[in-house]
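The values are calculated or read from the model by the stated rules, or taken from the named source; none is laboratory data. Since we're looking at a predicted model, the values are computed, not measured. Every residue, glycine as well, gets a Cβ built from its backbone with ideal geometry; the counts of neighbours run over all protein chains shown.
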Protein chains: 2
Amino acid sequence: MITARAHTNIALLKYWGKKDENLILPFNDSISLTLDRFYTDTSVEFDANLVEDTITVDHQPLIGPGLKRVTRVLDLIRAKSGHNLPAKVFSSNHVPMAAGLASSSSAFAALAAAAAKASGLILSNRELSILARHGSGSASRSIFGGFVQWHAGFDNQSSYAESIQCPVDWDVNLITVLIDTKQKKVSSTIGMQSVAKTSPFFPAWVKSAQADVKPIKNAILNKNLASLGELAEQNAMRMHATTFGAIPSFTYFQPETLAILNTVRNLRKQGVECYSTVDAGPNVKIICASTDNEKVITRLAAIVGQDRLVVCKPGPGVTYL
Amino acid sequence: MITARAHTNIALLKYWGKKDENLILPFNDSISLTLDRFYTDTSVEFDANLVEDTITVDHQPLIGPGLKRVTRVLDLIRAKSGHNLPAKVFSSNHVPMAAGLASSSSAFAALAAAAAKASGLILSNRELSILARHGSGSASRSIFGGFVQWHAGFDNQSSYAESIQCPVDWDVNLITVLIDTKQKKVSSTIGMQSVAKTSPFFPAWVKSAQADVKPIKNAILNKNLASLGELAEQNAMRMHATTFGAIPSFTYFQPETLAILNTVRNLRKQGVECYSTVDAGPNVKIICASTDNEKVITRLAAIVGQDRLVVCKPGPGVTYL
């Protein structure tokens, strides 16, 4: 039995829309930061004595669409390693699930890593990234630590993530504001499908996101927090703009989301370098230097309470326990 | 002294962006409903004994950018009538000002009508609409009652409003939800300029809005509330999507705006035919049949309080008092 740990990542340049639903190829490159605080531990063993795959997530048997995605990754690994053994998978998430905190990113990265090793495969991180992508697009990035770029690519082999910067040797961290940890009403998969099909803003989104790749990468390499934050906030707001344009119109924002976004803008006017990003859920993540955490936290705690704020630092890539 | 009364109108297909800033020519046609509840009374006299134009709005001397716009309309009327007399203007708004309730639409429609008549001009409603447009684009529509279309046009003479349906002989009304009646942080003029210049979504907005003209007009002519409401809500959400995409990103939505939008969507799921629209401000206006007012009001009063809900019926065009 092999156990792998992968950490969640938060995209600063968003993945939002698949140009190939089967291969999970995105329309544009994305760039993320892997976090130290939220992770998934997944143990896998292949065993001829099993009748079928047995998948346990957080002590519950996995059912529904998640099961199909796990089977898909396992099947790819079985095909690659030339065996056809059923797997026993045991996975624990240390992430508030499905609330835009990207639990699927850590889950499928840990699964790909553990299952590949349990099959006796010796794979590069790039190969693991490609495998993880088949479970969840964002999982391709969680194979790596620190700042990561997922190249959109044009086929299975060209769509993979790689490290931009790891370890992250400058002062940047991310404060997650948990507004709602319940299951999302519109999953990111369904949301991006609807937007890509019905929002008149989708083509401009893709163009704008792809144009952000170089500037955001440069901001990271130059350790320029203001530039990184501004670009990330702008990119996130544009992603959410596309949902308002869909048929039917929808939004991941909740009233408190807007209140937090507004507070962050006001803090900035007062000279605190902090920036927001929001994924396919109501929670806001705030990018700032740790030296500004206290100022940011004091202000946000007045809105949501201190217990809903979690400070995350850059985290590592996938490891084996 | 001539006194004219004009009522505010709320666009169901939004005016959002000028293709000519001087002539105030919009990028796309817009369609509105003139309301019975909010209006402006404006009295004008031209008097050789005055030293200069004297403009009083709500018992205060008018200053700032509003004054320039009034002078502009007065100058056009003086040029048209061939005199150069200073004007005394006295205007009272029966509208919560500058909170997305379109006080400028009624104000400049009443001004154009009163000033033209005070100059001895006998103008058609189309000519008044063109004059009012120079004060505020949306004022071109408030010359008319009921449902109105503003043709974008391509020059001064081709950009005017005209009646689609007046009187409105079917059951449609509009409930305004006053979330914030303070001055807006970003005026609609500044907002639309920023969006047209910096939002990558602006071209798609214009295309989408122009494509909505015929369907919305048909829905009005067919007295089809569901179709009118769906199209209006979609159009409004798309307008607001453009602001999230601007540099810097901004929004007119406040937390309560999102709460109301969500409540309206939920009411609809429960079978109540009600639809939202939002202008360049935080207030929501809900389109429904008066037979559903009670259901809608009961639900909304729980969020904002009964005193912030105003039921408006279709109102008349400009009249002289």
Problem - Residue check, B:Lys295 away from chain A (no Cβ under 14 Å) and surrounded by fewer than 19 Cβ atoms within 10 Å (Cβ to Cβ) - result: yes
Exercise for the section: Pull up segment B:28-47, narrow it to residues that are surrounded by fewer than 24 Cβ atoms within 10 Å (Cβ to Cβ) and in contact with a Phe, Trp or Tyr (Cβ under 8 Å, 6 or more places away or on another chain), then point me to the one that is farthest from B:His151 (Cα to Cα). Expected result: B:Ser43
Practice task
Scan segment B:132-149 and give yes if some residue there is in a strand (DSSP E or B) and buried (at least 24 other Cβ atoms within 10 Å of the Cβ), otherwise no.
Solution key: yes
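Taking A:Ala116 as the residue in question, decide whether it is within 12 Å of the chain's Cα centre (by Cα), part of a helix (DSSP H, G or I) and not aromatic (Phe, Trp, Tyr).
Answer is no for this residue.
Considering only segment A:34-53, I want to know if a residue exists there that is under 30 Å from A:His240 (Cα atoms), assigned by TED's automatic domain parsing to the domain that holds A:Ala110, assigned to a loop (DSSP other than H, G, I, E, B) and touching a residue at least 12 places away in the same chain (Cβ under 8 Å). Steps first, please.
Initially, segment A:34-53 is screened for residues under 30 Å from A:His240 (Cα atoms), giving A:34-40.
Those left that are additionally assigned by TED's automatic domain parsing to the domain that holds A:Ala110: A:34-40.
Those still in the list that are assigned to a loop (DSSP other than H, G, I, E, B) too: none.
So far as segment A:34-53 goes, no, none of its residues is under 30 Å from A:His240 (Cα atoms), assigned by TED's automatic domain parsing to the domain that holds A:Ala110, assigned to a loop (DSSP other than H, G, I, E, B) and touching a residue at least 12 places away in the same chain (Cβ under 8 Å).
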Practice task
Pick out the one residue from A:Ala259, A:Ala246, A:Ala241 that is within 8 Å of another protein chain (Cβ to nearest Cβ) and either part of a loop (DSSP other than H, G, I, E, B) or farther than 23 Å from A:Ala204 by Cβ (or both).
Solution key: A:Ala259
Practice task
Tell me which of these A:Ala280 doesn't satisfy, since it passes every other one: (1) farther than 23 Å from A:Ser142 by Cα; (2) touching a helix residue (DSSP H, G or I) at 6+ places or on another chain (Cβ under 8 Å); (3) in contact (Cβ under 8 Å) with a residue 40 or more places away in the chain; (4) not hydroxyl-bearing (Ser, Thr, Tyr).
Solution key: (1)
Handout entry: Test for B:Leu85: is it in contact with a helix residue (DSSP H, G or I) (Cβ under 6 Å, 6 or more places away or on another chain) and either closer than 23 Å to B:Leu121 by Cβ or not assigned by TED's automatic domain parsing to the domain that holds B:Ile286 (or both)
Key = no
Practice task
Output the residues belonging to segment A:235-253 that are surrounded by fewer than 24 Cβ atoms within 10 Å (Cβ to Cβ) and over 15 Å from A:Asp279 (Cβ atoms).
Solution key: A:Ile247, A:Pro248, A:Ser249
Practice task
Considering only segment A:54-69, state which residues are in a strand (DSSP E or B) and surrounded by fewer than 21 Cβ atoms within 10 Å (Cβ to Cβ).
Solution key: A:Thr54, A:Thr56, A:Gln60, A:Pro61
Handout entry: Restricting segment A:224-234 to residues that are surrounded by fewer than 24 Cβ atoms within 10 Å (Cβ to Cβ) and under 18 Å from A:Lys295 (Cα atoms), the residue that is farthest from the other protein chains (Cβ to nearest Cβ)
Key = A:Leu225
Practice task
Could you check, for segment B:156-168, whether at least one of its residues is touching a His at 6+ places or on another chain (Cβ under 8 Å), over 23 Å from A:Asn262 (Cβ atoms) and in a helix (DSSP H, G or I)?
Solution key: yes
Fill in the blank from the handout: Scanning segment A:252-287 residue by residue, the ones that are farther than 17 Å from A:Asp180 by Cβ and either modelled with pLDDT under 95 or not hydroxyl-bearing (Ser, Thr, Tyr) (or both) total 13
Handout entry: Residue ID - farthest from B:Ser136 (Cα to Cα), chosen from residues in segment B:283-321 that are in a loop (DSSP other than H, G, I, E, B) and not basic (Lys, Arg)
Key = B:Gly305
Problem - Subset of segment B:138-162 (residues that are out of contact with any helix residue (DSSP H, G or I) (no Cβ under 8 Å at 6 or more places or on another chain) and under 14 Å from B:Asn9 (Cα atoms)) - result: B:Gly145, B:Gly146, B:Val148
Fill in the blank from the handout: Selection over segment A:1-27 where residues are assigned to a strand (DSSP E or B), crowded, with 21+ Cβ neighbours inside 10 Å and of a type in the set (Lys, Arg) yields a count of 1
Problem - Checklist (1) within 21 Å of the chain's Cα centre (by Cα); (2) of a type in the set (D, E, K, R); (3) within 11 Å of chain B (Cβ to nearest Cβ) applied to A:Arg268, failing item - result: (1)
Practice task
Quick one: which residue in A:Pro203, A:Pro215, A:Pro167 is within 8 Å of another protein chain (Cβ to nearest Cβ), of a type outside the set (Asp, Glu) and more than 18 Å from the chain's Cα centre (by Cα)?
Solution key: A:Pro203
